[in-house]
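Colleague: Pasting in a structure now, in structure tokens, and then I'll have a few things to ask.
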Amino acid sequence: QVQLVESGGGLVQAGGSLRLSCAASGRTFSSYTMGWFRQAPGKEREFVARISWNNGMTYYADSVKGRFTISRDNAKNTVYLQMNSLKPEDTAVYYCAAGTILTITAGSPPYWGQGTQVTVSS
């Protein structure tokens with residue numbers, strides 16, 4: 001069982017930066033692939049980024065590639081999402097998730113955080 005709590009959301013101007021954190025409870029955090037998803041008003045939830053548990057390999061949605069960086073600290077049971085060059089279209093509720101590469105890719109990981117709001121003003 002894994003419990004996830006996101007933090008770090010807020011209001012930022014276009015071009016600015018934010019860093020989201022996701023603190024996980026549970027002794028097996030290091031064995032999960034971790035992902036970030038987001039959901040904008042009136043839109044479906046979409047994949048943002050993932051990081052594998054064993055070799056730290058990362059994968060990004062095309063819309064954020066080159067601007068966002070996902071990282072993890074297994075010693076602190078925490079995954080991060082550094083977001084730079086933010087755009088108004090990045091406005092969404094951002095969710096942290098834990099699962100396998102397959103479930104993350106399918107958008108159906110078993111564990112989700114409660115979400116944190118990111119608002120980018122133009």
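The values are calculated or read from the model by the stated rules, or taken from the named source; none is laboratory data. In this text, all values refer to a predicted model and were calculated from it rather than measured experimentally. Here the Cβ positions follow ideal geometry from the backbone for every residue, glycine too, while neighbour counts run over all protein chains shown. Just so you know, the surface numbers come from the protein's heavy atoms only, side chains and all, with ligands and any DNA or RNA stripped out. Shrake-Rupley method; radii C 1.70, N 1.55, O 1.52, S 1.80 Å.
Colleague: Using every alpha carbon pair in the chain, what percent of pairs falls into each 10 Å bin from 0 up to the bin containing the largest distance?
Modeller: Final binned percentages: 15, 51, 29, 5, 0.
Colleague: Explain nothing, just compute: Karplus ³J(HN,Hα) = 6.51 cos²θ - 1.76 cosθ + 1.60, θ = phi - 60°, for every residue of segment 62-69 in order, whole Hz, x for Gly and Pro.
Modeller: With coefficients 6.51, -1.76 and 1.60, one gets 4, 5, 10, 4, x, 10, 10, 9 Hz.
Colleague: Continuing with the same structure: Share of the chain's accessible area from carbon and sulfur, percent, 1.4 Å? Don't skip to the end; give the middle numbers.
Modeller: Working: 3160 of 6330 Å².
Answer for the chain: carbon and sulfur cover 50 percent of the accessible area.
Colleague: Extension gain THR105-ASN84, at 0.36 nm per residue separation less the Cα-Cα distance, in nm?
Modeller: Details: separation 21, 0.36 × 21 = 7.56 nm, distance 2.33 nm.
Between THR105 and ASN84, full extension yields an extra 5.2 nm.
Colleague: Separation between the ARG67 and THR119 pseudo-spin-labels, each 7 Å from Cα along Cα→Cβ, expressed in nm?
Modeller: 1.9
Colleague: At 1.4 Å probe radius, can you tell me the per residue accessible area of the chain in Å²?
Modeller: Numbers: 6330 Å² over 122 residues.
In whole numbers, the chain has 52 Å² accessible per residue.
Colleague: Work from the charge dipole of segment 1-119 (Cβ charges, +1 for Lys and Arg, -1 for Asp and Glu, about the Cα centre) and give the residue of GLY107, CYS96, SER21 farthest towards its positive end.
Modeller: Looking along the dipole axis, the top candidate is SER21.
Colleague: Residue by residue, what Karplus-based ³J(HN,Hα) values in Hz, rounded to whole numbers, does segment 108-122 have, using 6.51, -1.76 and 1.60 with θ = phi - 60° and x for Gly and Pro?
Modeller: Result, rounded to whole Hz: 9, x, x, 10, 10, x, 7, x, 9, 7, 10, 10, 10, 8, 8.
Colleague: Just tell me which lysines come within less than 25 Å, Cα to Cα, of LYS65; anything on the same chain fewer than 8 places away is out.
Modeller: Excluding near neighbours in sequence, the set is LYS43, LYS87.
Colleague: In percent, what relative contact order does the chain have, based on Cα pairs under 8 Å that are 6 or more apart in sequence? Walk me through the intermediate numbers first.
Modeller: On the way: 300 pairs, mean separation 43.3, N = 122.
Here the relative contact order equals 35 percent.
Colleague: Return the long-range amide H neighbours of ARG72 (sequence gap of 5 or more, or a different chain), with a cut-off of under 5 Å between placed amide H atoms.
Modeller: Under 5 Å from the amide H of ARG72 lie the amide H atoms of TYR80, each far enough along the sequence or on another chain.
Colleague: How high is the relative contact order of segment 54-122, given as a whole-number percent (alpha carbon pairs under 8 Å, six or more residues apart)? Let's see the in-between values first.
Modeller: Working: 78 pairs, mean separation 18.1, N = 69.
Value for segment 54-122: 26 percent.
Colleague: Determine how large the accessible area of TYR95 is when every protein chain is in place; take a 1.4 Å probe and give Å² rounded to the nearest 10.
Modeller: We get 50 Å² for TYR95.
Colleague: Additional query: What does a probe at ALA23 reach in segment 1-16, counting residues whose amide N is under 12 Å from the point 7 Å along Cα→Cβ?
Modeller: 4-8
Colleague: Rounded to the nearest 20 Debye, what is the dipole magnitude of the chain about its Cα centre when Lys and Arg each give +1 and Asp and Glu each give -1 at the C-beta?
Modeller: Working: 11 positive and 7 negative charges, 38 e Å.
With Lys and Arg at +1 and Asp and Glu at -1, about 180 debye.
Colleague: Once R0 is set to 25 Å, what does the formula 1/(1 + (r/R0)^6) return for the Cβ-Cβ distance between LYS43 and GLN3, expressed as a FRET efficiency to the nearest 0.05? If you can, show how the numbers build up before the last one.
Modeller: Working: r = 26 Å, r/R0 = 1.06.
Once rounded, the FRET efficiency stands at 0.40.
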